[in-house]
Amino acid sequence: MADVFRSLNLLETLKESIESNKLSDVKDAVEDLLISRINLAVVGNRGDEKDSFLNSLRGLGPGDEGAALSSSVVASEDMAGYPNPKHSDFRLWDLSPVPDTSPFEPGGYMDKVKFLRYNAVFMTFTHVPQNNSVEVYLEARSLQRQTVYFILLASVEETEKNLEVKRKASLEILKSRGLTQPKVYLVRPSTLEKFDFPGLLDDMSKDLPEIRAHALLLALPTLTSALVTQKKEAFKALVWAAASLSGGMSAIPVPLVASMVDSSVAVRILTKAQLSLCLDDESVERLARRRGMDPTRLKGLRTCVLSVEVTKGEVKRRLAAAEKDLATVSSKLVEMAMPRHARSASRSFAAMLQSLNSAIDEMAADAEKIVDAALGEGK
């Protein structure tokens, strides 16, 4: 997933739009990146492992507000939706289990749960996939739906040796149904950073449309230091787009344009970054509870003021400081080499790019310290 933006045609498209002065296209692209929605569905028998999986995908523990209900509360035939408390554009759906009846019509089940409306579907099980679940998978593939994944959910007590036995048996079942290179992802919901979940994310980033891969990346909790780095890179691409918008508008005499860009857009980007990097108080406290740690210790690792709270005053201060820094000999030499009409755009672009990239770096460094401490990797 680290290459999520390298594979995008987005930046090239933005450059073409800027060269053509199609600023509305750039603005729309920034909005799409800030508000990109994704719906994921989880299929499988209800139980502790599935509940834990639904919660961990949203950074929640069993006692947190909005956590998945216990299996005894939700009827097996019902469908339940679980919004993300910090990302309204990310929603999980707990679908009713695939029935084990015979005869079975996969299309009927898929119509009932609106299978094709989800961006990706996780077919979960705790032993081996049942026959009718394989039928649903094959039907989805016949409809060119590639984002369907078999996931073996592991309980806390199970040994890795026992899980590998289950995985091998599952792969044999899938091969017997005609799948030549089947994949079964081993996932322990309580510790998503282990086993195959990181690899699953890598595969999803290739299979999903680029804007959905972006949405998934930003909405997931910060499970590992590597994921923090991926989020940082994604936000820097978003910063580039916003800075291009700022620079382009600065070069064109449009009334009241300053109110449309710079500080207001910067606040939105950095607020989303704070939530995506799980730096807000509530996210840090939830992480501490799940890991049995003192939340004060984790909060104390935040050294960037924007990690604690994103305010318009602090953002304006950083933008002003960046503009002041640009008044150097080197930056003046760069401007002298540019056409006169482009210099205003260059200054505005550089100021936003420098200030926001610096902020993203500082916030990501805080997030990495918190993740390392929570996983026992830090000192």
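The values are calculated or read from the model by the stated rules, or taken from the named source; none is laboratory data. The structure displayed is predicted, hence computed values, not measured ones. Virtual Cβ from ideal backbone geometry, glycine too; neighbours counted across all protein chains shown. Areas reflect the complete protein model, heavy atoms only, side chains present, ligands, DNA and RNA absent. Shrake-Rupley method; radii C 1.70, N 1.55, O 1.52, S 1.80 Å.
Points to keep in mind about this one:
- Among the listed pairs K183/K272; K27/K112; K114/K232; K236/K316, those with a Cα-Cα distance over 29 Å are K183/K272; K27/K112; K114/K232.
- In the assembled protein chains, M110 presents an accessible area of approximately 10 Å² (probe radius 1.4 Å).
- Highest-first packing order for the peptide set 274-282, 93-101 is 274-282, 93-101, based on the mean count of other beta carbon atoms within 10 Å.
- Each residue of the stretch 115-121 is assigned a 3J(HN,Hα), and the resulting list reads 3, 7, 7, 8, 5, 7, 10 Hz, derived from the Karplus form 6.51 cos²θ - 1.76 cosθ + 1.60 (θ = phi - 60°), x at Gly and Pro.
- Whole-angstrom Cα spans of the stretch 56-166 along principal axes, big to small: 40, 37, 27
- Solvent-accessible ranking of E314, E233, E323, largest area first, probe 1.4 Å: E323, E233, E314
- Total charge dipole magnitude, the stretch 64-217, about the Cα centre, Cβ charges on Lys, Arg, Asp, Glu only, Debye to nearest 20: 400
- The stretch 370-375 - phi-based ³J(HN,Hα) in whole Hz, Karplus 6.51/-1.76/1.60, Gly and Pro as x: 5, 4, 4, 5, 5, 8
- Residue-wise HN-Hα coupling along the stretch 178-184, computed from phi with Karplus coefficients 6.51, -1.76, 1.60 (Hz; x: Gly, Pro): x, 7, 7, 10, x, 10, 10
- Cα convex hull volume per residue for the stretch 130-237 (Å³): 113
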